[in-house]
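Below is one structure, written out as structure tokens; the observations come after it.
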Amino acid sequence: MEGKQMTTGPNLSRRAALAGAAALPLAAGLAGTARASAPMAGMGMSPFQRVTLGGFDVTTILAGTAARPDPHTIFGLNVDDETFADVSAAAKLPTDQAQFFFTPTVINTGAELVLFDTGLNAEGTTAALEAAGYAPDQIDIVVLTHMHGDHIGGLMAGDAPTFPNARYVTGQVEFDAWSKMDNEGFNTKVKPLAEQMTFLEDGGSVASGITAMAAFGHTPGHMAYMIESDGSQLVLGADFANHYVWSLAHPDWEVSFDMDKETAAKTRRRMLDMLAADGTPFVGYHMPWPAFGYVEKAGENFAYVPHTYQLLL
């Protein structure tokens, strides 16, 4: 009996072990099947990012994103195909299409809620705004950095203002220049609100801690804004640079959207020199989502450094 028990125990254990091993591939297959049964969702991004700057909340909202073909017809108009391809390859960017981001910014000063630019349309902007915890009727001030359609498109929802309780602020030079053009977007989105607008020059104040900075070239009166609170600074750069490689990193490259290309290039260099020298964070309307970043010198040009957690601390 003792001998039988001694031989039977190990045999049973061996069979159990072999059976368990044989079951592993089946279990793995079943687990794989269970995982694969979830529906494919495709790409996705959070609709807002909030950081702090001194006593302010600064929230970028993703009003939209879209792919555009043939980026060399938009950026680097004054460089050849080989140069464009080499720069793109070094940055691991495809040359057949580019991804655009449309990023208004909300500043909560504690006294007022200020929205910078309004996206392509009211629906996209209000959806992102509400995801961030704000309602359109809470906006106290809407600031228009310039009058391109992707910045003024959300001003009106049909015939009604999207932000019914807001006053509006924009640059005097910008408004005057577009008033002389026959532009449908400006005529239908901006002009109906003209009586509620305050017009600024370079150095003008939107609210305490928010100061206009002339950044002409992209449009005749394009404005950036310096945000300051409790000794901390951040620049809302709007469209002074439209892409983190093909514009910011190479400020002399011509951009099709720039109405005065020579002035726009000079503005880019001036702004980038300031941001790099001071180490000031900035928000770029078309920078990679969530649009916060820094600038470093890179030889005679510059490099974009994405924000990680510096403004979350």
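Okay, here's what the table says:
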| item | result |
| --- | --- |
| Filter result for the condition that a residue is out of contact with any His (no Cβ under 6 Å at 6 or more places or on another chain) and under 21 Å from residue 217 (Cβ atoms), over 303, 277, 264 | 277 |
| Tally of residues being surrounded by fewer than 16 Cβ atoms within 10 Å (Cβ to Cβ), over 27 Å from residue 242 (Cα atoms) and either modelled with pLDDT of 95 or more or in contact with a helix residue (DSSP H, G or I) (Cβ under 7 Å, 6 or more places away or on another chain) (or both) across region 139-166 | 3 |
| Strands (runs of 3 or more DSSP E) completely within region 94-168 that count 1 or more residues being touching a Lys or Arg at 6+ places or on another chain (Cβ under 8 Å) | 97-102, 141-144 |
| Single condition residue 33 does not satisfy, out of (1) of a type outside the set (Asp, Glu); (2) assigned by TED's automatic domain parsing to the domain that holds residue 210; (3) modelled with pLDDT under 95 | (2) |
| Residue within region 31-45 that is within 22 Å of residue 282 (Cβ to Cβ) and surrounded by fewer than 12 Cβ atoms within 10 Å (Cβ to Cβ) present | yes |
| Meets criteria (touching a helix residue (DSSP H, G or I) at 6+ places or on another chain (Cβ under 9 Å), modelled with pLDDT of 95 or more and part of a helix (DSSP H, G or I)) for residue 85 | yes |
| Residues of region 237-278 satisfying the condition of being farther than 22 Å from residue 202 by Cα and not in a loop (DSSP other than H, G, I, E, B) | 255 |
| Residue match in region 42-65 (condition: under 20 Å from residue 304 (Cα atoms), touching a Lys or Arg at 6+ places or on another chain (Cβ under 6 Å) and not hydroxyl-bearing (Ser, Thr, Tyr)) | no |
| Residues being in contact with a helix residue (DSSP H, G or I) (Cβ under 7 Å, 6 or more places away or on another chain) and exposed (fewer than 15 other Cβ atoms within 10 Å of the Cβ) - total across region 199-213 | 1 |
| Residue list for region 178-207, restricted to those being touching a Gly at 6+ places or on another chain (Cβ under 6 Å) and among the small types (Gly, Ala, Ser) | 185 |
| Every pair of residues 6+ apart whose Cβ atoms lie under 6 Å, when the first sits in region 219-248 and is in contact (Cβ under 8 Å) with a residue 12 or more places away in the chain while the second is polar (S, T, N, Q) and in a strand (DSSP E or B) | 226/211; 236/105 |
| Filter result (crowded, with 16+ Cβ neighbours inside 10 Å, free of Cβ contacts under 8 Å to residues at least 60 places away in the same chain and on the phi < 0 side of the Ramachandran plot) within region 105-133 | 106, 108, 113, 115, 118, 120, 121, 122, 126 |
| Close pairs (9 angstrom Cβ cut-off, 6 or more residues apart or separate chains): over 9 Å from residue 236 (Cα atoms) in region 276-298, among the basic types (Lys, Arg) and surrounded by fewer than 16 Cβ atoms within 10 Å (Cβ to Cβ) anywhere | 276/297; 277/297 |
| Residue list for region 57-77, filter: exposed (fewer than 12 other Cβ atoms within 10 Å of the Cβ) and not in a helix (DSSP H, G or I) | 66, 67, 68, 69, 70 |
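The values are calculated or read from the model by the stated rules, or taken from the named source; none is laboratory data. Just so we're clear, the structure is a prediction, and the values are computed from it rather than from any experiment. Counting neighbours? That spans all protein chains shown, and the Cβs are built from the backbone with ideal geometry, glycine included.
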